[in-house]
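Note sheet for the following structure.
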């Protein structure tokens, strides 16, 4: 091969590599919202759910982000653990893990909920997928002992796995009838807006941490 051909071949290889690097940098940041009916958008219309509105809010901030809805109404932490592997595809950069409300409503032992969430966090860590843990709080009518044990699950696991914690997924919406559906449990569209507005800075920070460590 002549000198000129060698130079040309080298230049083509260089440009190809530059294009591949540029393409990788421009790849959409993928988030999976993994949870129960609060994540799934129970009782809401198209585009009104948490993941849709979170994606819109992030894109309005100029971020190239896709937020997938992996919420299943009625799901418990046990159900979430059983479907985690196939519900969170390879290539996911961040999982917003929101489970435990149905465990609490059914009076499931907090130790079981904690073990299931622990296992999910361990699985995601092994796959090198970042997690934002969205906490839940127990209803007072379950008793002080249950409430104390359940509420402690989320900060304990966030500290164990060194993941960011959003303490209460329904912050600002729980107990506010104007932001809830008639069932008094799930957010209405205005409630979802409030949830997204409150959690948005935490999600932005989690995305920045992943991108900064990439």
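Of note:
- Ascending count of other beta-carbon atoms within 10 Å, so fewest first, for 202, 148, 92: 148, 202, 92
- Selected from 140, 187, 155 as most flexible by GNM, with the chain as the system and alpha-carbon contacts under 10 Å: 140
- Segment residue 122-residue 159, length gained on full extension (0.36 nm per residue, minus Cα span): 12.0 nm
- Taking the number of Cβ atoms within 10 Å of each Cβ as an exposure proxy, the fewest-first ranking of 205, 93 is 205, 93.
- Correct choice for Rg and Dmax of the Cα atoms in Å that was computed from the model, options (1) 20.7, 83; (2) 18.4, 56; (3) 16.8, 52: (1)
- In plain terms, the residue of 65, 31 with the fewest other Cβ atoms within 10 Å comes first and the most crowded comes last, giving 65, 31.
- The chain: most fluctuating residue of 62, 184, 100 per GNM, C-alpha cutoff 10 Å: 62
- The chain: angle of helix 77-87 to the longest principal axis, Cα-based, in degrees nearest 10: 20 degrees
- Taking 0.36 nm per residue of separation and subtracting the current Cα-Cα distance, fully stretching the chain between residue 200 and residue 82 would add 39.6 nm.
- In the chain, helical runs assigned H by DSSP with n ≥ 4 each contribute -39500 (n - 2.57); averaged across all residues and rounded to the nearest 500, the mean residue ellipticity at 222 nm is -16500 deg cm²/dmol.
- Three-way shape label, region 98-198, alpha-carbon gyration tensor, a/c 1.5: oblate
- Among beta bridges from DSSP that stay inside the chain, the antiparallel ones total about 5%.
- Highest-first arrangement of 102-111, 129-138, where packing means the average Cβ count within 10 Å: 129-138, 102-111
- A straight chain from residue 61 to residue 211 at 0.36 nm per residue would run longer than the Cα-Cα distance by 52.4 nm.
- Taking Cα atoms only, the orientation of helix 110-126 departs from the longest principal axis of the chain by about 0 degrees.
Rule-based calculations on the coordinates, nothing more; no lab input. Remember, predicted model here, so these are calculated numbers, not experimental data. Note that each Cβ is placed from the backbone with ideal geometry, even for glycine, and that neighbours are counted across all protein chains shown.
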